[in-house]
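Colleague: One structure follows; several queries about it will come next.
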Amino acid sequence: MNALIKSATIVDSKSDFHNETVDILIEKGRISKIAKHITNPKNYKEIILDNLHVSQGWFDSSVSFGEPGYEERETISNGLKTAANSGFTAVALNANSFPVIDSYADITFVKSKAQNNAVSLYPIGALTQLSKGEDLAELFDMTNAGAVAFYDYQNPISNPNLMKIALQYASNFDGLVCSFPQESRISGLGVVNEHINSTKLGLKGNPALAEELQVARDLFLLEYTEGKLHIPTISTAKSVELIRAAKAKKLDVTCSVAIHNLIFTDDVLEEFDTNYKVLPPLRTQPDCEALIEGLKDGTIDMVTTDHNPIDIEHKKIEFDYAKYGTIGLESAFGALQTLFTTKKTISLLTQGKSRFRISDTTINEGEIADLTLFNPDSTYKFGINNITSRSKNSAFLGTPLKGETYGIIANDKIVLK
C-alpha cells in the first residue's frame with residue numbers, strides 16, 4: 001500500500017514532528033518520508049482532508065463483538081469495520097461469545113476471522129472454563145494460540161483461592177489476569193448505583209462498596225502472589241484511591257475506566273432509558289471527578305469504550321430485565337474531547353498497548369504506518385447516523401460531541417469513512 005498524506009498535523013509526543021503540519025509519504029506500508037512538502041513520486045493515492053490530524057493508531061482494551069453465537073448483535077467483520085471507522089487500529093476482544101472463548105481452538109477461530117484486516121484483533125481468553133468461575137481455563141494453551149490476557153467478562157471471581165491460583169499460575173508465563181471489580185454477594189440483584197436516584201426511581205441498588213471490596217481483595221491477593229493484575233472498568237472514587245495506594249507499593253497492577261462512566265452520572269436514569277444500563281453502573285458526580293483525576297495523574301492506566309452491542313430485543317424492555325451494555329467505539333473520540341484537550345485525548349487512546357503485549361509505534365521515517373486520521377475541532381450531536389455497529393444501543397445518542405474520525409492506515413491498508 002502506497003499513499004501520500006497531505007498537510008497533516010502530527011499529534012505524537014514521541015515523534016520528531018510532533019505538532020508540525022507536514023506531508024507523510026507511505027510506501028509498502030511504511031513511512032518513507034516526512035517533510036513540509038512532498039511531491040507525489042509515482043502517482044500514489046493522495047489523502048487530502050479538512051483540518052487533518054494524524055496520531056499513532058488507537059487501542060481499545062475491551063470490546064465485544066458477539067461472534068460466534070451472537071451474530072445478530074455484531075459480527076467480527078462489521079465490528080472491525082466499526083473500529084476502523086472510529087479510529088482504532090487495534091482492539092482486544094472479550095471472551096463473552098457463545099461458546100465462550102476458553103480454549104486454543106477458540107482463540108485460533110477468532111484470530112482467523114480477523115485475518116487480513118486493517119484493524120488488529122487481540123483475543124482475551126476466558127479466565128475460567130465457560131466463564132463460570134469454577135475451574136481455570138486452558139490459560140497456557142490460549143497464550144500459545146495468541147491470547148493477550150484472561151478475563152471472565154463482567155463475571156466476578158467469587159472464590160478468592162481461585163483468583164490466587166490464577167495469579168500464581170499465570171505468572172509462570174507472564175500472563176495477564178483480569179478481574180471484574182464486583183462482589184456479587186453485596187451487589188445482589190442491583191441494577192443501578194445504590195444512591196438517592198435508585199431510591200427515587202424504585203430500582204434495586206448496586207452499591208459502590210461491592211466494587212471496592214472486590215478491588216481491595218484482589219489487591220491483597222496480588223501482593224501475596226506477586227502476580228500481574230488488570231482491573232477493568234473501575235467506577236468509584238474509592239477504587240481510584242485503593243489502586244493509587246497499590247501502585248505506591250509497586251504492585252504490578254493496571255486498571256481502566258469505561259468512557260461512559262466518565263461522562264454520565266446516575267442522574268440520566270430518570271427516563272428509564274436502558275441504554276444507560278451498564279455494568280459497572282453509572283455512579284455520582286464525585287465519582288466521575290475522581291476517575292478523571294485518576295486519568296490525569298496516571299493512577300488509571302487507560303480508557304476503554306467497553307463496546308458491547310446488544311440487540312433491540314434485549315434492550316428495549318423493562319429496565320430490570322434489559323441486558324447490561326452500551327456500544328462506544330463510534331463515540332469514543334468525540335466524548336473524550338468534551339473532557340480533555342486533544343493532546344490528552346490522543347494520549348489516553350494510545351495507552352495500554354504494552355500491557356496487552358502490543359508493540360508501540362511512532363510517526364517517524366522508517367516506522368510502520370499505524371495511523372489514525374481525525375479532525376479534532378468539528379462539533380455535532382451523536383445520532384443513529386453515526387453508528388455503524390449492527391446494534392444501536394448507545395448511551396451517547398443525542399449527546400453533543402467534539403471531533404470526528406476519518407479512518408485509519410494500518411496493516412498495509414487504508415480505511416476511510
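Colleague: Once amide H atoms are built 1.01 Å from N in the peptide plane, which residues 5 or more positions from Glu183, or in another chain, come under 5 Å H to H?
Modeller: Glu211, Gln214
Colleague: Could you give me the ³J(HN,Hα) list for segment 390-401, computed from phi with Karplus coefficients 6.51, -1.76, 1.60 and θ = phi - 60°, whole Hz, x at Gly and Pro?
Modeller: 3J(HN,Hα) across segment 390-401, in whole Hz: 5, 8, 10, 7, 9, 6, 9, 4, x, 8, x, 10.
Colleague: Going by the alpha-carbon gyration tensor, a ≥ b ≥ c the square roots of its eigenvalues, is segment 310-417 rounded (a/c under 1.5) or, if a/c is not under 1.5, prolate (a/b greater than b/c) versus oblate? Please list the in-between numbers first.
Modeller: Working: a/c = 2.09, a/b = 1.73, b/c = 1.20.
Verdict is prolate for segment 310-417.
Colleague: Considering the values [x] 60; [y] 53; [z] 65, which represents percent of Cα pairs over 26 Å apart as calculated for the structure under consideration?
Modeller: Looking at percent of Cα pairs over 26 Å apart for this model, the match is [y].
Colleague: Further question: What is the extension gain from Ile312 to Ser13, computed as 0.36 nm multiplied by their sequence separation minus the C-alpha to C-alpha distance, in nm to one decimal?
Modeller: Working: separation 299, 0.36 × 299 = 107.64 nm, distance 4.17 nm.
Net length gain for the segment: 103.5 nm.
Colleague: Separate question: Of Ser97, Ser354, which has the most accessible area with a 1.4 Å probe, and how do the rest follow in descending order? Walk me through the numbers before you get to the answer.
Modeller: Working: Ser97 10, Ser354 95 Å².
Ranked from most to least accessible, the order is Ser354, Ser97.
Colleague: Percent of accessible area on the chain owned by carbon and sulfur, 1.4 Å probe? Write down the numbers at each step before the final one.
Modeller: Details: 8150 of 16560 Å².
C and S fraction of accessible area: 49 percent.
Colleague: Still on this structure, I have one more. Considering only Leu397, Thr341, Asn261, whose Cα is most displaced toward the positive end of the charge dipole of the chain, charges sitting on Cβ of Lys, Arg (+1) and Asp, Glu (-1)?
Modeller: Of the listed residues, the answer is Thr341.
Colleague: Along the Cα-to-Cβ line of Glu27, 7 Å from the Cα, sits a label point; which residues in segment 375-417 have backbone N less than 17 Å from it?
Modeller: Label zone hits: 412.
Colleague: I've got another one for you. What number, in percent, do you get for the relative contact order of segment 72-158 if the mean sequence gap of Cα pairs under 8 Å and at least 6 apart is divided by its residue count? Could you put the intermediate results ahead of the total?
Modeller: Details: 151 pairs, mean separation 26.9, N = 87.
Reported relative contact order: 31 percent.
Colleague: Would you mind checking the pairs Lys228/Lys353; Lys323/Lys353; Lys28/Lys111; Lys45/Lys343; Lys6/Lys417; Lys344/Lys402 and listing those with alpha carbons more than 19 angstrom apart? Each step should come with its number before you reach the end.
Modeller: On the way: Lys228/Lys353 15 Å; Lys323/Lys353 29 Å; Lys28/Lys111 24 Å; Lys45/Lys343 28 Å; Lys6/Lys417 17 Å; Lys344/Lys402 14 Å.
Distance filter (> 19 Å) returns Lys323/Lys353; Lys28/Lys111; Lys45/Lys343.
Colleague: Let me ask you something else. Would you kindly derive the ³J(HN,Hα) couplings of segment 342-351 from the backbone phi angles with the Karplus curve 6.51 cos²θ - 1.76 cosθ + 1.60 (θ = phi - 60°), listing them in order in whole Hz, with x for Gly and Pro?
Modeller: Per-residue couplings from phi come out as 4, 4, 5, 4, 5, 4, 5, 6, 10, 7 Hz.
Colleague: Could you provide, to the nearest whole Å², the per residue accessible area of segment 52-179 with probe 1.4 Å?
Modeller: On the way: 4200 Å² over 128 residues.
That works out to 33 Å² for each residue.
Colleague: Which whole-number percentage describes the relative contact order of the chain, with Cα contacts under 8 Å and a sequence gap of 6 or more? Intermediate values should be presented prior to the final figure.
Modeller: Numbers: 1004 pairs, mean separation 82.3, N = 417.
Relative contact order, the chain: 20 percent.
Colleague: Please state the shape class of segment 1-121: rounded when a/c is under 1.5, otherwise prolate if a/b exceeds b/c and oblate if not, all from the C-alpha gyration tensor.
Modeller: Working: a/c = 2.87, a/b = 2.46, b/c = 1.17.
It comes out prolate by the Cα gyration axes.
Colleague: Follow-up. Determine the per residue accessible area of segment 255-316 with all protein chains present and a 1.4 angstrom probe, expressed in square angstrom.
Modeller: Solvent-accessible surface per residue comes out at 34 Å².
Colleague: Is the shape of segment 108-231 best called rounded, prolate or oblate, per the rule: a/c under 1.5 gives rounded, else a/b larger than b/c gives prolate, else oblate, with a ≥ b ≥ c the square roots of the Cα gyration tensor eigenvalues?
Modeller: Details: a/c = 2.62, a/b = 1.52, b/c = 1.72.
Oblate, because a/c is 1.5 or more while a/b does not exceed b/c.
Colleague: When the chain is fully extended, how far beyond the present Cα-Cα distance does Lys36 get from Glu134, taking 0.36 nm per residue of separation? Write out the running numbers ahead of the final one.
Modeller: Numbers: separation 98, 0.36 × 98 = 35.28 nm, distance 5.91 nm.
Result for the pair: 29.4 nm of gain on full extension.
The values are calculated or read from the model by the stated rules, or taken from the named source; none is laboratory data. Keep in mind that what you see is a predicted model, and the values were worked out from it rather than measured. Quick reminder, even Gly has a Cβ in these numbers, built from the backbone with ideal geometry, and neighbours come from all protein chains shown. Ligands, DNA and RNA are stripped out before the accessible areas are found, and what is left, the full protein with its side chains, is counted by its heavy atoms. Shrake-Rupley method; radii C 1.70, N 1.55, O 1.52, S 1.80 Å.
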